[in-house]
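Trainee: Here's a structure for you.
The values are calculated or read from the model by the stated rules, or taken from the named source; none is laboratory data. Here the structure is a predicted model, which means the values were calculated and not measured. No Cβ is skipped: glycine too gets one built from the backbone with ideal geometry, and neighbour counts run over all protein chains shown. Areas reflect the complete protein model, heavy atoms only, side chains present, ligands, DNA and RNA absent. Shrake-Rupley method; radii C 1.70, N 1.55, O 1.52, S 1.80 Å.
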Amino acid sequence: MADNDPEVLVGGNMGVVVRVGDTVVREAGDWTPAVHRLLDHLERHGVQGVPRVHGRTDDGREVLSFVPGTVPSWPLPAWLWHDKALVSSARLLRRIHDASTAAGRAGPWRSPIHEPQEVVCHNDFATYNLVFDDGMAVGVIDWDFASPGPRLWDLAYLAYRIVPMTTLDEGDGFTADERRQRLDLLLREYGTDASPHELSRVLHDRLLELADFSDRMAEDLGKPELLDHAVQYRSDAAALPKG
């Protein structure tokens, strides 16, 4: 394959993503100008590891820089469960959030806005969108669902995926005590005074909203497998500690 031959990238449940050389071409929509303003803002504030905006194709798709590194795919690698991956993910999210506090809030955005509007959330800050180098999170991709919201909206979903806080055994083998320790570490490395209980409450709402969204997308995109995702999200929400 020549360097500039189009390559369809794996993932992309919500749309086709094509790499062309050092750029990525993806679907655009009404939300794209707001996302591009956010990415330009992060670049101006020195945030590394986020895509740079390169404009549009003749047919209106967005063109972004390719973020080099490793995006974990199934089966998830053992190194993803090391403290190094968890700590670097929390610190990367904090850098992005801090830089976004001064970013514009004007939409339209593809995702709902959540209060309080402390930062501009990525809204899918999870291992499958994180770029790693030698086990350390160095970047994040897939920004099209970004929108203003509270810090915990993003942090709770990262905890869900990397602690992890699911009812599934993702192959990590952690005990309940070890998961609680990993959650404490994530909160500490991000730098928040929020308690695990506060994060759990936000995650509960986050998962129920994500389940409803998955139901809609299963029908809109003709992807019935997303219905299984919705079932899992609701199951995980119900299993979160209440006290």
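Trainee: Heavy-atom accessible area per residue, region 170-220, 1.4 Å probe: how many Å²?
Mentor: Averaged over the residues of region 170-220, the accessible area is 54 Å².
Trainee: With a point put 7 Å past each Cα toward its Cβ, work out how far D133 is from A78 in nm, to one decimal.
Mentor: In this crude label model, D133 to A78 measures out at 2.5 nm.
Trainee: Could I ask something else about it? If each DSSP helix of 4+ residues adds -39,500 (n - 2.57) and the sum is divided by the residues in the chain, what number results at 222 nm, nearest 500 deg cm²/dmol?
Mentor: -13500 deg cm²/dmol
Trainee: Would you mind working out the magnitude of the charge dipole of the chain relative to its Cα centre, with +1 at each Lys and Arg C-beta and -1 at each Asp and Glu C-beta, to the nearest 20 Debye?
Mentor: That gives a dipole near 620 debye.
Trainee: For I96, I141, I113, write out the residues from largest to smallest accessible area, computed with a 1.4 angstrom probe and no ligands counted.
Mentor: I113, I141, I96
Trainee: Right, next: How charged is the neighbourhood of R56? Take every other residue with its Cβ under 15 Å from the Cβ of R56, and add Lys/Arg as +1 and Asp/Glu as -1.
Mentor: Within the 15 Å Cβ shell, the charges total -3.
Trainee: Oh, and also: Can you give me the Rg/Rh ratio for region 184-243, using Cα atoms for both radii and the Kirkwood formula for Rh?
Mentor: My calculation of the ratio gives 1.12.
Trainee: For S195 and R44, FRET efficiency with R0 = 30 Å and r from the beta-carbon atoms, rounded to 0.05?
Mentor: Once rounded, the FRET efficiency stands at 0.30.
Trainee: With a 1.4 Å probe and every protein chain left in place, work out the accessible area per residue of region 58-109 in Å², rounded to a whole number.
Mentor: Result: 51 Å² per residue.
Trainee: Something else about it: Using 1/(1 + (r/R0)^6) with R0 = 35 angstrom and r between the beta carbons of S65 and R216, what's the FRET efficiency to the nearest 0.05?
Mentor: Computed FRET efficiency for S65 and R216 comes out at 0.70.
Trainee: So, one more: Modelled label-to-label distance, A106 and R91, 7 Å Cα→beta-carbon offset: nm?
Mentor: 3.6
Trainee: A further question on this structure: On the protein heavy atoms, probe 1.4 angstrom, tell me the percent of accessible surface of the chain carried by carbon and sulfur.
Mentor: Using a 1.4 Å probe with all protein chains present, the chain comes out at 52 percent carbon and sulfur.
Trainee: For region 86-165, which semi-axes, largest first and in whole Å, follow from the square roots of 5 times the eigenvalues of its Cα gyration tensor?
Mentor: Working through the eigenvalues yields semi-axes of 21, 12, 11 Å.
Trainee: Here's a follow-up. Where the centre of each part is set by its Cα atoms, how far does region 49-118 sit from region 185-228, in angstrom?
Mentor: One Cα centre to the other: 16 Å.
Trainee: Distances over 19 Å make up what percent of all Cα-Cα pairs in region 65-119?
Mentor: So the portion of pairs separated by more than 19 Å is 52 percent.
Trainee: Once the piece of chain linking D30 and V18 is laid out straight, how much longer is it, given 0.36 nm per residue of separation minus the C-alpha distance between them?
Mentor: Working it through step by step, the gained length comes to 2.3 nm.
Trainee: I've got another one for you. Quote the convex hull volume per residue of region 101-231, based on C-alpha atoms, as a whole number of Å³.
Mentor: Output value, Cα hull per residue: 133 Å³.
Trainee: Let me ask something additional. Principal axis extents for the chain, Cα atoms only, whole Å, descending order, please.
Mentor: The Cα atoms of the chain stretch 53, 38, 36 Å along their principal axes.
Trainee: Picking from S73, T166, L199, whose Cα lies most toward the positive end of the charge dipole for the chain (charges on Cβ: Lys, Arg +1; Asp, Glu -1)?
Mentor: After comparing all options, I get L199.
Trainee: Hey, another quick one. Taking the dipole about the Cα centre of the chain, with the C-beta of Lys and Arg at +1 and of Asp and Glu at -1, give me whichever of A102, V17, G55 is farthest to the positive side.
Mentor: A102
Trainee: Suppose each label sits 7 Å from its Cα in the direction of the beta carbon; what would the L185-E209 distance come out to in nanometres?
Mentor: The modelled label-to-label distance comes out at 2.9 nm.
Trainee: Based on Cβ point charges of +1 for Lys and Arg and -1 for Asp and Glu, what charge dipole magnitude is obtained for region 100-240 about its Cα centre, in debye rounded to the nearest 20?
Mentor: Once rounded to the nearest 20, the dipole reads 320 debye.
Trainee: Another question about this same structure. When the Kirkwood radius is taken over all Cα pairs of region 28-134, what Stokes-Einstein diffusion coefficient follows at 20 °C and 1.002 mPa s, in µm²/s?
Mentor: 140
Trainee: Ok, one more. Which whole-number percent gives the relative contact order of the chain, counting Cα pairs below 8 Å spaced six or more residues apart?
Mentor: 16
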